[in-house]
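The values are calculated or read from the model by the stated rules, or taken from the named source; none is laboratory data. It should be emphasised that the depicted structure is a prediction, and the values quoted were computed from it without experimental measurement. Don't worry about glycine lacking a Cβ; one is built from the backbone with ideal geometry, like all the others, and counts go over all protein chains shown. These area figures cover heavy atoms from the full protein model, side chains too; ligands, DNA and RNA do not enter into them. Shrake-Rupley method; radii C 1.70, N 1.55, O 1.52, S 1.80 Å.
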Amino acid sequence: MFKDFFKREDSKYTIKAILKWLWRAWRGNQLQAVLNAMLGLAGVALSLLQVWAVQHAIDVASHTVEGNLIWAVVLMGVLILCDFAISISAIWVRNILGIKAQNRMQQRMLDRILRSEWHGRERLHSGDVINRLEHDVGAVVGFLTETIPSTISTLALFLGAFFYLFSMDKLLSVVIIVMLPIFILVSKFYVRQMRRLTRQVRDSDSKVQSVLQETVQNRVLIKTLESDSLMVDKLEDTQSTLRHHVVQRTKFSVFSNLILNFGFALGYLVAFLWSALRMYNHTLTFGGMTAFLQLVGKIQGPARGLTKLVPAFVSVFTAAERLMELEEDPLEEQGDPIALEAPCGIRLNNISYSYPLEPTKEGTQQSKVISGLSFDFPPRSCTAILGETGAGKTTLIRMILALLRPQSGSIELYNGKEIRELSPRMRCNFVYVPQGNTLMSGTIRENLSLGNTEASDEDMESALRMACADFVFQLPEGIDSSCSESGGGLSEGQAQRISIARALLRSGSVMLFDEATSALDPDTERQLLKNILANSNKTIIFITHRPAVVDYCDQTLRLEKMF
C-alpha cells in the first residue's frame, strides 16, 4: 500500500531504498528531532488545556458552573505564557540546531563526493551538484528534523481533540472524522502527480543555476566574444522551462487544495449548525459551544497539516533521489596512505584506456585514448611526455595519479626494495602541478597550506623561492595577501608559480608537471627548472610542448593520437 502510494514510474530507486537512505540520514540528527517532538507534544497538551480553560472561564462568567472568574482568567494567562515559552524554544531549536544539522549533512555529502572514484567526465554539471547540496540537503534535513516531529504532535493533537469532542458529542465527532478516508483516496492520485511535477521543477531549477554559474565563471570569455545577449537568451530559455513547470505544479496544487478546503469548510459549517441547534435546545452551554468549535478547529487543523505532509513527502523523496544520485559513484580504496621510501620510479605495463561516447542506436561507443602502452620512469629520472592535443597525455597523468584506473594492464610504483601496484592510497608519493590557474579564493598562505597543512612559514618561504615566486615577499601583506577566485589580482605567471610552490610543499618523491611552466618567461622558466632538478632524489615527469623543458630531460615519451 505504502509503496504503491508513493511510487513514481520513472524513478530509478525503490521506495524501500529511499526510506533506508532517509533512515541513515535521520540517525545523525536524532537530538534535534527528539527535541522538536517533545516540544510539539508539550504544545499539544497545552493547546487542549487552553480549550478547557476557555470553556471553564466562559461557563463561570455565565454562571453555568461555580468558580472564581479571576482565577479562571489567571489560569488562561499562565497557559498563554507557557505557550510563548514553547514557541520560543521551538524557534531556538529550529534555527540553531537546524543550521548545524544542514551543515553536517552538506559536509558528509561533500566528503562522499571527494572520496568517490572519478571517471574523467562528470555526469552532472557543477551548478547542478551545488544546487543539490544546498536545496535538496535543506529539504531532507527540514523533513527529518521538523516535519516528522511536527507530524507526531499533529497526530497527537488530532487524537486528543477527537476524544475530547467524542466525550462531548459522539455523533458529531464521528461525522467530522468521516472525511479522512476520502482524503486518503484522493491523495494517492495527488502524490504521484505531485512527485513527477516536483522532480521537473527541481531539475529545471538546477539547470538555471548551472547556466548562471557557468556564465559568471566565464564572464571575460563571453565579453570578448560579445556573446552577452546569447547567454542572457540562453538563461531566459532555461528560466522559461522552469516557469512552465512551476505553473503546472501550482495549478495542480491550487486545484487540489481547493477541493480539500471545500471539504473542511463544509465540515466546519456542519459542526457550527449542530452546536448552534444544541445550544438553542438548551442541551449545550455557550462555553460548551465555544469548546465545540475550538475542538473542531483542532481536529481540522491537524487534518490540514496532514494534507501538507503529502507534499512534504513528495519533496523529500525527490530530494533524496537527487542526493542518492550523488552517491552512485563507488568509493576509492580507503585506508591509511602507503608511502614508499624515496627515490621511486613508475612502470607502465601494457596499459589501455578509453572514454565512453554518447550512447547510439548501436550501443555505447568507446573513444580509445591509450592502447597497449609500456614505459619505465626510473627513480631519479627526468622525462618529458610529448604529443599533440588529444593524444592522451593528461589521461596518462591521471592514471599515474590513480585518478583513473587502466582498463587493461597495470601501473607499478617501485624503489630498490619493493614493487607495488598503484592505488589511490599511494597518492601521497606524488607531487602534482596541474595545467592552468588553480588557485582558490583566500590568502596565499591558505593556498599553500593545501599542499601541506603543517608547513611552517620557513617551509612556505623556501617553496616560494624554489618556485621563483619571490614577488610574494614584496606584497604589502606577504604570504597573507589575499587573492580572489582563480587567483584574481595576480598575473597568470604569478598564479602559476604559487601553484608550483604549493605542490613543492608536498613530500612526494615523484613530481608531475602538466604544462606547469606555460605562463612563464624563458629566464624564469630556466631558473625554475634548475631549482627543481637540483634535488637528485626526485623522479620528475613533464607534460610539455616547450623545447627548453625537453632539453633538461633524460628521456622522452611521445604519445600518438589514436583514430
When restricted to Leu69, Leu41, Leu75, Leu19, the only residue more than 26 Å from His135 (Cα to Cα), at pLDDT 85 or above and of a type outside the set (Asp, Glu) is Leu75
Being surrounded by 14 or more Cβ atoms within 10 Å (Cβ to Cβ), modelled with pLDDT of 70 or more and closer than 30 Å to Arg405 by Cβ narrows Glu328, Glu332 down to just Glu332
Residue pairs qualifying under the 8 Å Cβ cut-off, at least six apart or on distinct chains, with the first in region 515-539 being more than 28 Å from Thr395 (Cβ to Cβ) and the second being at pLDDT below 85 and exposed (fewer than 15 other Cβ atoms within 10 Å of the Cβ), are Pro522/Ala548; Arg526/Ala548
- Message: Residues that are of a type in the set (Asp, Glu) and over 30 Å from Asn537 (Cβ atoms): does region 484-507 have at least one?
- Response: yes
Those residues of region 230-261 which are open to solvent by 80 Å² or more (accessible area, probe 1.4 Å), modelled with pLDDT of 70 or more and farther than 15 Å from Lys207 by Cβ amount to Leu230, Val232, Lys251, Val254, Phe255, Leu258
Picked from region 450-508 (must be out of contact with any helix residue (DSSP H, G or I) (no Cβ under 7 Å at 6 or more places or on another chain), farther than 21 Å from Leu528 by Cα and not in a loop (DSSP other than H, G, I, E, B)), the residue least open to solvent (accessible area, probe 1.4 Å) is Gly488
Scanning region 509-518 residue by residue, those buried (at least 19 other Cβ atoms within 10 Å of the Cβ) and either part of a loop (DSSP other than H, G, I, E, B) or in contact with a Ser or Thr (Cβ under 9 Å, 6 or more places away or on another chain) (or both) turn out to be Ser509, Val510, Met511, Phe513, Asp514, Glu515, Ala516, Thr517
- Message: Among the residues in region 313-330, are any under 34 Å from the mean Cα position of the chain (by Cα), under 30 Å from Leu197 (Cβ atoms) and of a type in the set (Phe, Trp, Tyr)?
- Response: yes
Apart from one, (1) touching a helix residue (DSSP H, G or I) at 6+ places or on another chain (Cβ under 6 Å); (2) farther than 22 Å from Ile346 by Cβ; (3) at pLDDT 85 or above all hold for Ile543; the odd one out is (2)
* **Check on His119, at pLDDT below 80 and under 22 Å from Ala320 (Cα atoms)** => no
Looking across region 539-563 at residues that are polar (S, T, N, Q) and within 44 Å of the chain's Cα centre (by Cα), the single one that is farthest from Ser518 (Cα to Cα) is Thr539
Subset of region 96-127, residues farther than 21 Å from Ser210 by Cα, over 11 Å from the mean Cα position of the chain (by Cα) and in a helix (DSSP H, G or I), comes to Ile96, Leu97, Gly98, Ile99, Lys100, Ala101
Filter result for Arg405 (of a type outside the set (A, V, I, L, M) and within 19 Å of Ser507 (Cα to Cα)) = no
Only one of (1) open to solvent by 50 Å² or more (accessible area, probe 1.4 Å); (2) in a loop (DSSP other than H, G, I, E, B); (3) touching a Ser or Thr at 6+ places or on another chain (Cβ under 7 Å) does not apply to Leu439, and that is (1)
If we keep only residues of region 379-411 that are part of a loop (DSSP other than H, G, I, E, B) and at positive phi, then the residue surrounded by the fewest Cβ atoms within 10 Å (Cβ to Cβ) is Gly390
key: Residue match in region 28-43 (condition: under 25 Å from Glu321 (Cβ atoms) and open to solvent by 40 Å² or more (accessible area, probe 1.4 Å))   = yes
* Asked: Is it the case that Ile130 is surrounded by 14 or more Cβ atoms within 10 Å (Cβ to Cβ) and assigned to a helix (DSSP H, G or I)?
  -> yes
